[in-house]
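Enquirer: One structure coming up, written as C-alpha cells, with questions to follow.
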Amino acid sequence: MTRIVSLHGHPADPAEFDRYYREVHTPLVQRIPGVRNIRFGRVVRMEDGSPPPFYLVSDVYFDNPQALDAAQTTPEMAAALADVPRFASGGVTIMICEYEDFPPEAGMRADEPRSR
C-alpha cells in the first residue's frame with residue numbers, strides 16, 4: 001500500500017488553517033481518483049515535552065504505487081497540490097511512503113510490555 005504523508009508546520013492563523021483545511025482542501029483531496037482513505041490530526045505534544053515541530057499530520061492512502069502514479073496525472077491532484085500554498089503558511093513537507101498494518105498481539109493489554 002502507498003500513502004502521501006504531509007507534515008504541516010505551524011500556521012500563522014491556526015483557526016483559519018483548520019477551517020480552510022476541513023472546508024476547502026480536504027474536499028479537493030476527496031475528489032482525487034484512487035484515494036482510499038484520508039486521515040489527519042493535529043500534533044498535540046511531543047513525548048519529551050518539547051514543542052512539536054509540526055502542527056498537523058495527514059495521510060492520503062492509495063491501494064498501490066500504480067494507483068498513486070495514475071492519480072498524480074489527474075486534474076484533481078493538480079488542483080489539490082495547487083491549493084496547498086493558499087493555506088499552508090507554516091510550510092509543508094510532503095512524502096510518498098509505503099505502509100503495512102500490524103494488529104496488536106491477541107490477548108495483550110495495551111499497558112503490558114511486549115516480548116521481542
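The values are calculated or read from the model by the stated rules, or taken from the named source; none is laboratory data. Quick caveat, the model's predicted, so the values are computed rather than measured. FYI the Cβ positions are ideal-geometry reconstructions off the backbone, even for glycines, and counts take in every protein chain you see.
Enquirer: Quick one: which of Met108, Met77 is modelled with pLDDT of 95 or more and aliphatic (A, V, I, L, M)?
Expert: Criteria check complete, one pass: Met77.
Here's the yes/no breakdown for (1) out of contact with any helix residue (DSSP H, G or I) (no Cβ under 8 Å at 6 or more places or on another chain); (2) not acidic (Asp, Glu):
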position	(1), (2)
Asp63	yes, no
Gln72	yes, yes
Pro75	yes, yes
Ser89	no, yes
Val92	no, yes
Cys97	yes, yes
Pro104	yes, yes
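Enquirer: Do any residues in the range 48-72 that are more than 21 Å from Ala12 (Cβ to Cβ) and surrounded by 15 or more Cβ atoms within 10 Å (Cβ to Cβ) have Cβ atoms under 9 Å from those of residues that are modelled with pLDDT under 95 and of a type outside the set (A, V, I, L, M, F, W, C), where the two are at least six apart or on different chains, and which pairs are they?
Expert: Cβ pairs passing all conditions: Asp59/Tyr99; Tyr61/Tyr99.
Enquirer: Please count how many residues of the range 3-16 are among the small types (Gly, Ala, Ser), over 10 Å from Ala88 (Cα atoms) and surrounded by 14 or more Cβ atoms within 10 Å (Cβ to Cβ).
Expert: Total meeting the criteria: 1.
Enquirer: Quick test for you: out of Arg3, Arg31, Arg22, Arg39, pick the one residue that is within 23 Å of Met77 (Cβ to Cβ) and in contact with a Cys (Cβ under 6 Å, 6 or more places away or on another chain).
Expert: Testing whether each residue is within 23 Å of Met77 (Cβ to Cβ) and in contact with a Cys (Cβ under 6 Å, 6 or more places away or on another chain) leaves just Arg3.
Enquirer: Conditions: (1) buried (at least 17 other Cβ atoms within 10 Å of the Cβ); (2) in a helix (DSSP H, G or I). Arg19 meets all but one. Number of the miss?
Expert: (1)
Enquirer: If we keep just the residues of the range 29-47 that are under 14 Å from the mean Cα position of the chain (by Cα) and surrounded by 15 or more Cβ atoms within 10 Å (Cβ to Cβ), which is nearest to Met1 (Cα to Cα)?
Expert: Val35
Enquirer: Oh, and also: I'd like to know if the range 42-61 contains one or more residues that are of a type in the set (A, V, I, L, M) and in contact with a Ser or Thr (Cβ under 6 Å, 6 or more places away or on another chain).
Expert: no
Enquirer: When only residues in the range 80-101 that are aliphatic (A, V, I, L, M) and not in a strand (DSSP E or B) count, which is surrounded by the most Cβ atoms within 10 Å (Cβ to Cβ)?
Expert: Step by step, filter the range 80-101, then rank; the result is Ala80.
Enquirer: Right, something else. Go through the residues of the range 53-65 one by one and say whether even a single one is part of a helix (DSSP H, G or I) and either at positive phi or among the hydrophobic types (A, V, I, L, M, F, W, C) (or both).
Expert: No; the residues of the range 53-65 include none that is part of a helix (DSSP H, G or I) and either at positive phi or among the hydrophobic types (A, V, I, L, M, F, W, C) (or both).
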